[in-house]
Amino acid sequence: MRTGLTMLLNAQPGIEVVGAATDGRQAVSLARQLRPDVCLFDIRMPWMDGIEATRQLAGPDVADPLPIVVITTFDLDEYVHGALKAGARGFLLKDAGPALLAQAIHAAADGDALIAPSVTVRLLAAFANSPSGPSAQPVEPLTAREEQVLLAVAHGRTNSEIAAELYISPSTVKTHLTSLMRKLGARNRVELAMWAHETDRF
């Protein structure tokens, strides 16, 4: 599986595999040593699973988190929730195909998040319906443009798609995203999307 993924990824434009690990502990150690632009973890790994490995490299207490994409053959809500809460920027099933896998890796490297389309709607609905109490209010009111960007993120748009849709530059989109994350206390686009759903922004 590792050999196949390595060959597949090395064949994609702009992607180079710099390391491969045989288990979760080695993956964490290698990631800390190499500091890759993106880590690709399986959910099920010997010695340490992908969720714990993600938590150690990208969790809330990590000062300089690494972008992580998690892949699995198992389309289970507990895995999706666990991976994203641990700090993953992407979640894909192994049947996603090379194009979507490459897209998720590039998105994670760019600070975006990509979740397998088959689980996105169900995931956000689950967060929206969870009995977690009222969502935190922004530390400052959102501007009209920030509301537009937030809505686009919640619908799964990429930075370039948001830029085209709102007739603004990609760098302006990134500025709005940075402001939104600060105001909402979110670490990534996934948390922005969850906040939008929890507060009925649709």
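The values are calculated or read from the model by the stated rules, or taken from the named source; none is laboratory data. Since the model is a prediction, treat every value here as computed from it, not as a measurement. Cβ sites come from the backbone with ideal geometry, for glycine too, and all protein chains shown count toward neighbours. In case anyone asks, the SASA skips ligands and DNA or RNA and just uses the protein heavy atoms, side chains included. Shrake-Rupley method; radii C 1.70, N 1.55, O 1.52, S 1.80 Å.
Observations
- Linear extension gain, R187 paired with D61, 0.36 nm per residue minus alpha-carbon span: 44.2 nm
- For S29, S179, S169, the ranking by accessible surface with the largest value first comes to S29, S169, S179, using a 1.4 Å probe.
- Of E198, E146, E191, E161, the residue with the largest accessible area leads and the full order is E161, E198, E191, E146 (1.4 Å probe).
- Karplus 3J(HN,Hα) series, Hz, for the stretch 143-158 with 6.51 cos²θ - 1.76 cosθ + 1.60 (x for Gly, Pro): 6, 4, 5, 4, 4, 5, 5, 4, 5, 5, 4, 5, 8, x, 6, 7
- Extension gain from E140 to A20, taking 0.36 nm per residue of separation minus the Cα-Cα distance: 38.9 nm
- Label zone at W47, where the point sits 7 Å out along the Cα-to-Cβ direction: the stretch 3-17 residues whose backbone N lies under 19 Å: 3
- Summed side-chain charge close to G50 - residues other than G50 whose Cβ falls under 10 Å, Lys, Arg +1, Asp, Glu -1: -1
- Taking all protein chains as shown and a probe of 1.4 angstrom, M45 keeps an accessible surface of around 40 Å².
- The portion of the accessible surface of the stretch 144-199 made up by carbon and sulfur, rounded to a whole percent, is 56 (1.4 Å probe; DNA, RNA and ligands excluded).
- Compared with the alpha-carbon gap, the fully stretched path from K94 to Q33 is longer by 19.3 nm at 0.36 nm per residue.
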